[in-house]
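What follows draws every value from the coordinates through simple rules; no lab data is involved. Computed from a prediction, not measured in an experiment: that's the story for all the values here. For neighbour counting, all protein chains shown are included, and Cβ atoms are generated from backbone atoms with ideal geometry for every residue, glycine included.
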């Protein structure tokens with residue numbers, strides 16, 4: 001018993017020392033949604049307008065998810081995919097181009113899953129990843145208007161909105177107002 005207690009005490013003392021000795025420079029230790037992780041790029045108004053079309057399509061998907069209409073969600077996913085293909089990547093260069101490519105991949109992958117699913121729960125799960133990637137894109141490039149980044153602690157997921165009013169796409173009518181605005185993006 002004494003050995004167990006001594007082992008616990010030693011472990012409790014060594015663990016904090018190990019944490020203090022770690023490299024806290026931030027290299028390879030990115031936290032999701034921290035402002036310092038997302039670089040803001042100056043891009044053309046044309047690029048912002050094209051990204052705005054993707055964002056607007058996501059608002060329609062939000063409504064369909066709130067309503068719990070899996071068929072309309074599938075259609076909205078198709079619209080978002082189409083809007084993404086209309087974004088002219090040649091309008092962004094260098095690091096901005098690479099950032100867009102990094103955001104576009106999860107957007108396209110998860111929207112592809114949503115577009116073939118009839119399961120609203122699976123669609124909502126993929127939508128969480130779509131929302132995260134779209135948040136980063138909107139934060140990086142802007143869309144020429146105010147966007148509200150909202151978060152539901154129950155779903156542990158976020159979404160973008162054009163109003164501060166919360167209409168939770170993850171729980172729909174079951175918990176329509178669950179969540180809050182975490183950030184306003186201009």
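Summary table
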read-out: Tally of residues being within 22 Å of residue 156 (Cα to Cα), in contact (Cβ under 8 Å) with a residue 40 or more places away in the chain and in a helix (DSSP H, G or I) across region 102-123; value: 4
read-out: Lone unmet requirement of (1) farther than 17 Å from residue 158 by Cα; (2) part of a helix (DSSP H, G or I) for residue 87; value: (2)
read-out: Some residue of region 140-162 being at positive phi and surrounded by 13 or more Cβ atoms within 10 Å (Cβ to Cβ); value: yes
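Conditions tested, residue by residue: (1) within 30 Å of residue 44 (Cα to Cα); (2) in contact with a helix residue (DSSP H, G or I) (Cβ under 8 Å, 6 or more places away or on another chain); (3) part of a loop (DSSP other than H, G, I, E, B); (4) without any contact (Cβ under 8 Å) to a residue 12 or more places away in the chain.
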| position | (1), (2), (3), (4) |
| --- | --- |
| 125 | no, no, no, yes |
| 130 | yes, yes, no, no |
| 134 | yes, yes, no, no |
| 138 | yes, yes, no, no |
| 163 | yes, no, yes, no |
| 170 | no, yes, yes, no |
| 177 | no, no, yes, yes |
| 184 | yes, no, no, no |
